[in-house]
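Notes follow once the structure below has been shown.
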Amino acid sequence: MATGDFLSHIELVSPLDFAKAKIRSLQEYSLLAGQSLANLFRTPRYVADIMQQADLIGVGSLPIVLLTGFFTGAVLAVNTAASLGRFGALSLIGQLVSISMVRELGPVLTGLMVAGRNASGMASELGSMIVTEQIDAMRALGTDPIKKLVTPRVVSTIVMLFFLVILSDFLGLFGGSVVSTAMLGLDWHQYWSSAWQTLVYQDLITGLSKPVIFGFLIATVGCYYGMSAKGGTQGVGKATTEAVVASSILIISVDFFVTRLLMLLIGYR
Amino acid sequence: MPTLPIETPSPPNVDATGAVVVFQDVAIAFEDNVVLDGVSFHLAPGETKALFGVAGTGKSTILKLVLGLIKPDSGEIYALGEKVTQMKEEDLFELRRRIGIVFQESALFDSLTVRENVAFRLMEESKIGEDEIERRVREALSFVELEHTLDLFPSELSGGMRRRVAIARAIITQPEVLLYDSPTGGLDPVTSNTIIELIVKQRDVYKTSSLLVTQRLQDAFTMATHCFERQSNRMVPLPPGTRGEVPMTFLILREGKVIFDGDAHELAHSRDEYIREFVS
């Protein structure tokens, strides 16, 4: 294709229209997210759908979350061993792995794993339903698709991510303990008591409030991109990619603000 | 042919004009593309109105507007006595339960079995027991002669079977109005005829008002020249020369406007150049 032909296919959008489109998307996302929560207080409640999604999201994500948690803890121990050893503080490795996993790495990495697996799944499933008129059919049959499809996914992701993060934290500590004892020659008992005793309530509150926020973001972003898919299979593919990118970026950026906010609210250690 | 369902529909709600669906000067555009421009018509109780027009003239849009799935830019729409254009989404769900629709590509839920698809509306109403749901699902599926497909998924069915399951899903609650969006599109003549017979059966046995979008004029003429005979449980031709025996009308759209609204006789004798070309 000649350069001229290529350029003739590029559609120029005015900055005002671009800004309007972005603000409209933000408004639509906010409405969907708000409605998904408001539906918790309205009947009918789709308990069976919530359980089914909990199985798909929670149990389905278990292998990747456990593996990620284990190897994150293990590599954390390997990487920090040299630095700590230089100061004769190798025995503090349990504390380092424990605080890092519980406060940051557990929630963020588990969130990213679940976002990669489930935000894409939600966007592609709901996007396919949109382009094949199944969502219109559901509305035509008198059922609210947000209540039936979005709310169960939001509830399940929040609840399951909370428990997945706990498991991931534990597996991270376990991975660190395997490296500490097998490769660094530390005492197993010493590692675990140091890792356990260093944790304070602020760490747990910080580490366990993040999955609730991340779960909400993953599910609402995945559902939003799915529900706003346009243009056939190509549109579904685009929605899927955008859902993963947006939810991953949101997790990492919101993590900073949540950490800062919680430090202000409950103090830091 | 299977036996007919026992349940009969409740009489439809009508507005002051006696119509079940009314369009008054309805206009809608998608971005810069004007699809409907001042469309007005009404659908009488028990009447079947076939909507024609070349692709993109807004036939399917009309069906979505009746259900309030999309809102017009201007004009008023009434369905079963309710002003659709002023209703909120949550109020529309109640109205939609009284109207059935068969989508162009069937729009069956691909993660649900045929049984669950057909039962969807009943399962949403928690007060109906499982035995009752099962009985009505079998009844609706026997109406479309697909009782044996209960546990299959939509992907395991042919195009014609999917269309018939969509009809079963639409009629299971015996709605007061039925909307068919190209129910015979892309199907072979034999399967098309089966679907037309089912629509005629619904029209003549249950007197359900319906809007039928179709590209196939011959299907609508078959409906206008045949009626359903309950004794033999099949569609039979009307005696030659009879007119107005079946409640069937035609509406033709062109460039967003209604250019014809009348019965088969008026259509066949229209002097409008475009309509004559269309009919031929």
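For each of A:252, B:171, count neighbouring Cβ atoms within 10 Å of the residue's Cβ, then give the residues from fewest to most. Before the final figure, lay out the partial values.
On the way: A:252 12, B:171 24.
Starting with the residue having the fewest Cβ neighbours, the order is A:252, B:171.
Using a Gaussian network for chain B with springs between C-alpha atoms less than 10 Å apart, which of these wobbles most: B:201, B:64, B:127?
B:127
Under 15 Å from the Cβ of residue A:217, count the other residues' Cβ atoms, weight Lys and Arg +1, Asp and Glu -1, and hand me the total. All intermediate terms of the calculation are to be shown ahead of the outcome.
On the way: positive: A:117, A:153, A:210; negative: A:242, A:255.
Here the count lands on +1.
log₁₀ I(q)/I(0) of segment A:169-214 at q = 0.16, 0.17, 0.24 Å⁻¹, via Debye over equal Cα point scatterers, no solvent, to two decimals?
So the normalised log intensities are -0.52, -0.57, -0.85.
Please list, in order along segment B:127-134, the HN-Hα scalar couplings obtained from phi with the Karplus expression 6.51 cos²θ - 1.76 cosθ + 1.60 (θ = phi - 60°), rounded to whole Hz, x for Gly and Pro.
For segment B:127-134, the Karplus-derived couplings read 7, 8, x, 5, 5, 5, 4, 4 Hz, x marking Gly and Pro.
Put a dot 7 Å past each Cα toward the Cβ at residue A:261 and residue A:91; how far apart are the dots in nm?
4.0 nm
For an R0 of 22 angstrom, estimate the FRET efficiency from the Cβ-Cβ distance between residue B:188 and residue B:55 and round to the nearest 0.05. Show your work: numbers first, answer last.
Values: r = 21 Å, r/R0 = 0.95.
Efficiency computed from Cβ-Cβ geometry: 0.60.
Which entries in the list A:238/B:88; B:64/B:201; B:49/B:127 go over 29 Å, if you measure between the two C-alpha atoms of each?
Numbers: A:238/B:88 31 Å; B:64/B:201 24 Å; B:49/B:127 34 Å.
Cα-Cα > 29 Å for A:238/B:88; B:49/B:127; rest within.
If amide H atoms are built 1.01 Å from N in the plane of the peptide, which residues on other chains or at least 5 residues away come under 5 Å of the amide H of residue B:257?
B:37
Give, rounded to the nearest 20 debye, the magnitude of the charge dipole that segment B:84-192 has about its Cα centre when Lys and Arg contribute +1 at Cβ and Asp and Glu contribute -1 at Cβ.
240 debye
Please rank A:254, B:26, B:114, fewest neighbouring Cβ atoms within 10 Å first, as an exposure proxy.
Working: A:254 18, B:26 24, B:114 27.
Ascending number of Cβ neighbours within 10 Å: A:254, B:26, B:114.
If I model a spin label as a point 7 Å beyond the Cα along the Cα-Cβ vector, how far apart are those points for residue B:155 and residue A:52 in nm?
1.5 nm
Rounded to the nearest 20 Debye, what is the dipole magnitude of chain B about its Cα centre when Lys and Arg each give +1 and Asp and Glu each give -1 at the C-beta? Spell out each step's value before the answer.
Values: 30 positive and 43 negative charges, 107 e Å.
Result for chain B is approximately 520 debye, rounded to the nearest 20.
Name the shape class, rounded, prolate or oblate, that the alpha-carbon gyration tensor gives for chain A, where a ≥ b ≥ c are the square roots of its eigenvalues, rounded holds for a/c under 1.5, and otherwise prolate holds if a/b is larger than b/c and oblate otherwise. Please list the in-between numbers first.
Values: a/c = 2.35, a/b = 1.77, b/c = 1.33.
Verdict is prolate for chain A.
Rounded to the nearest 0.05, what FRET efficiency do residue A:18 and residue B:276 give with R0 = 41 Å and r taken as the Cβ-Cβ distance? Could you check?
0.25
Got a sec to turn the phi values of segment B:20-34 into Karplus ³J(HN,Hα) couplings, 6.51 cos²θ - 1.76 cosθ + 1.60 with θ = phi - 60°, whole Hz, x for Gly and Pro?
Those phi angles translate into 8, 10, 10, 10, 10, 6, 7, 10, 8, 9, 10, 6, 9, 8, 6 Hz.
Based on the Cβ-Cβ distance of residue B:232 and residue B:259, what FRET efficiency does E = 1/(1 + (r/R0)^6) give at R0 = 35 Å, to the nearest 0.05?
Computed FRET efficiency for residue B:232 and residue B:259 comes out at 0.35.
Net charge within 12 Å of residue A:149 by Cβ-Cβ distance, Lys/Arg positive one each and Asp/Glu negative one each, not counting residue A:149 itself? Intermediate values should be presented prior to the final figure.
On the way: positive: A:139, A:147, A:148, A:153; negative: A:49, A:125, A:144.
Net charge in that neighbourhood comes out at +1.
Taking amide H positions as placed in the peptide plane 1.01 Å from N, state which residues far from residue B:249 in sequence (5 or more) or on other chains have amide H under 5 Å from it.
B:48, B:49, B:50
Which distance in nm do the two modelled labels at residue A:43 and residue A:79 give, with both placed 7 Å along the Cα-to-Cβ direction?
Spacing of the two 7 Å Cα→Cβ label points: 5.3 nm.
Listing B:277, B:47, A:28 from the residue with the fewest other Cβ atoms within 10 Å to the one with the most, what is the order?
Numbers: B:277 8, B:47 20, A:28 13.
The fewest-first ordering by Cβ neighbours comes to B:277, A:28, B:47.
Roughly what % of Cα-Cα distances in chain B sit above 22 Å, to the whole percent?
Working: 22288 of 39060 pairs.
Above the 22 Å cut-off, chain B has 57 percent of its Cα pairs.
Pull up all non-local amide H partners of residue B:235: gap of 5 or more, or a different chain, and H-to-H distance under 5 Å with H placed in the peptide plane.
B:229
Between A:217, A:208, A:31, which gets the highest mean-square fluctuation from a Gaussian network model of chain A, Cα cutoff 10 Å?
Comparing A:217, A:208, A:31 in the GNM, the peak value goes to A:31.
Can you give the angle from 0 to 90° between the axis of helix A:201-227 and the longest principal axis of chain A, with both taken from C-alpha atoms, to the nearest 10?
Computed tilt is about 20 degrees.
Output wanted: per-residue J couplings in Hz (rounded whole) for segment A:259-264, from phi through Karplus 6.51 cos²θ - 1.76 cosθ + 1.60, θ = phi - 60°, x for Gly and Pro.
Once θ is set to phi - 60°, the couplings for segment A:259-264 become 4, 5, 4, 5, 4, 5 Hz.
Counting DSSP beta bridges with both partners in segment B:155-250, what percentage is antiparallel, nearest 5?
Details: 4 of 9 bridges.
The antiparallel proportion sits near 45 percent.
Based only on Cα atoms, what Rg/Rh ratio does the protein assembly as shown have, Rh being taken as Kirkwood's radius? Mind showing how you got there, number by number?
Working: Rg = 29.9 Å, Rh = 27.0 Å.
Taking Rh as the inverse mean 1/r over Cα pairs, Rg/Rh reads 1.11.
The numbers here are math on the coordinates, done by the rules we state, and not lab data. Note that the structure is predicted; figures quoted are calculated from it, not measured. Note that each Cβ is placed from the backbone with ideal geometry, even for glycine, and that neighbours are counted across all protein chains shown.
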